[in-house]
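A quick write-up on the structure given underneath.
A short reminder: the numbers here are calculations on the coordinates, not readings from a lab. These numbers come from a predicted model, not from an experiment. Because the Cβ atoms are built from the backbone with ideal geometry, glycine has one as well, and the counts that use them run over all protein chains shown.
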Amino acid sequence: MKRIHTYCLLIALLAASCDKKNNDGPAEIPEDMEEVITAKPMPLAGAVTKVIGAEGGTLSLGNDSVKIVVPPGAVSSATTFSIQPVENTLQQLDAKVSYELLPHDVNFAKPVSVSFKYAADLSMNEDVLMVAYRDEAGKWRDLPTALDKTNNTVTVEKSSFSIFEIYEKIFLMPVKDQVAPGEYTEVLLGTLFSSPNQDVLLAPLTPSFQNGNELYEVIRTGQVTKIKNWRIVTGPGSIEVANDMKSKALYTAPTTMTKLTDKALIEVTLEGVRPVKDPKAPGGERLTGLLIIRTEVDIVAGYIRLQYNGKEYVLRSELAAGMFTPKLMGINGESEDGEISVAIGINSDGPGSTGSYAWDLAYKPGTSSITVAIGDEIWMIGHHECGEPGRAVTASGKTNITEWGAIGEVVSGNFSASMDMGVSECEHISRLVSVEFKMLRDK
């Protein structure tokens, strides 16, 4: 699940006011923007290290996902270099990682080359990839970034080290990453902005929309000269322009689908795009006008339908079904906000199959166990009586698996029975809980 941002991130007005400069100082920061300053991120994994001397050398993380090239003469004596994955605080997305490079307290006699690999896909907008670094004051700053589409790398040169992250300077973003059949989402065109002289990344004080993990401002008049040709490249559904600037569009998923999941690849064309600094591009600038940019929206017809206390909840996030171990069949899902979830485990005592699996707190072979969370309420398939060790009392229910296809095929089933929730050390209550599910098997 994506995390929710609690502060305003980076986005951008390439408005005319951003071009105003003091005669004797750096570019002015517009009144409706502020510098992006973040706390130092926490480590995500251990560091790789290497001692490199005056002769120069290289250090890589993983399969060259990050690579440092220290030229001869960059340091005068043996120096310990390191690369460590850390939390991303520039764009707080679960899939993104920043990297802290050490040493911080050394100014190299020659710039050191740092390359980052990226995973290209249909919605990756390579032409707007940039690298930013976090300085010691916590401010994020752009770096001239060399793009190599053949090897899927971006490379920068730096005479000192800090924390680095790759990001997309301009992007297309659905307000909802995932929609159900017949549902719609706005698709918005935004941009990250850095001040003209200082290259400090700026964020709007009052963002105009939220996508669950980042706060952005939509591109306005003056940031590009023309936006045109909104279209769906592949996949079902329809799209229509939603504002005069054509920086917003509305994507609507089809009401009926022939499969449980699908993707719509959406595209729009921009003219008059401002260039970004790229030392390997002609004239040292990339993006000198036309840009075609894409994004994907997932359409999910799979579901877990939960009925409880007279209400129905349809869960479509984090759906998973499969063999989690050679003998454990699992079905899971949750609401978009993560407040409601259903987890079903079946001890199949062998390969998964259709059939009815009685509930059992002891979880013996051929039985099932279920947990349903609704806010602070945790419902189980039974309870334990008071006393030590406490006798387990399983509720009378069973889980029915009506379809158990191969990986990529349909899994479906249901249950309906009273579940228990403890209200004190020696008390519990029971309620009828009904669940129906249908999704694709992914394991």
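Plainly put, the stretch 381-442 has a radius of gyration that is 1.17 times its Kirkwood radius, both from alpha-carbon atoms, as the Rg/Rh ratio. Rounded to the nearest 20, the size of the Cβ-charge dipole of the stretch 344-406 about its Cα centre is 200 debye, with Lys and Arg at +1 and Asp and Glu at -1. Using the Cβ of Val128 as centre and a radius below 10 Å, the other residues enclosed give a net charge of -1, where K and R count +1 and D and E count -1. Sorted into 5 angstrom bins from 0, the C-alpha pair distances of the stretch 16-168 split as 2, 8, 17, 20, 19, 15, 10, 6, 3, 1 percent. The charge dipole of the stretch 303-440, taken about the Cα centre with unit charges on the Cβ atoms of Lys, Arg (+1) and Asp, Glu (-1), comes to about 520 debye, rounded to the nearest 20. The radius of gyration of the Cα set in the chain, together with its Dmax, comes out at 26.5, 81 angstrom. Shown here are the Rg and Dmax of the Cα trace of the stretch 303-440, at 14.8, 47 Å. The magnitude of the dipole of the stretch 236-335, with charges of +1 and -1 set on the Cβ of Lys/Arg and Asp/Glu and taken from the Cα centre, is near 220 debye. Between Leu143, Ala120, Ala47, whose Cα lies farthest towards the positive end of the dipole of the stretch 16-168 when Lys and Arg beta carbons carry +1 and Asp and Glu beta carbons carry -1, centred on the Cα centre? Going by the Cα projections, it comes out as Ala47. Summarised as an ellipsoid, the stretch 46-101 has semi-axes of 26, 10, 9 Å, derived from the eigenvalues of the Cα gyration tensor scaled by 5 and square-rooted, with the largest first. Sorted from longest to shortest, the spans of the Cα atoms of the stretch 241-364 along the three principal axes equal 70, 38, 29 Å.
Residue farthest toward the positive end of the dipole of the stretch 16-168, with Cβ of Lys/Arg at +1 and Asp/Glu at -1: which of Gly57, Pro85, Ser160? Selected residue: Gly57.
Positive-end ranking of Pro111, Val423, Leu201 along the dipole of the chain, with charges on Cβ about the Cα centre, is headed by Pro111.
The distance from the alpha carbon centre of the stretch 103-173 to that of the stretch 240-277 is 27 Å, rounded to a whole number.
In order along the stretch 67-77, phi translates into HN-Hα couplings of 9, 9, 10, 9, x, x, x, 5, 10, 8, 8 Hz, rounded to whole numbers, per the Karplus curve 6.51 cos²θ - 1.76 cosθ + 1.60 with θ = phi - 60° and x for Gly and Pro. Measuring between alpha carbons in the structure, the pairs from Lys176/Lys438; Lys228/Lys248; Lys398/Lys438; Lys311/Lys398; Lys117/Lys139; Lys327/Lys438 lying more than 19 angstrom apart are Lys176/Lys438; Lys311/Lys398; Lys117/Lys139; Lys327/Lys438. Couplings for the stretch 398-415, taken from phi via the Karplus curve 6.51 cos²θ - 1.76 cosθ + 1.60 with θ = phi - 60°, read 8, 9, 9, 9, 8, 9, 9, x, 5, 4, x, 10, 7, 10, 8, x, 6, 7 Hz in order; Gly and Pro are left as x.
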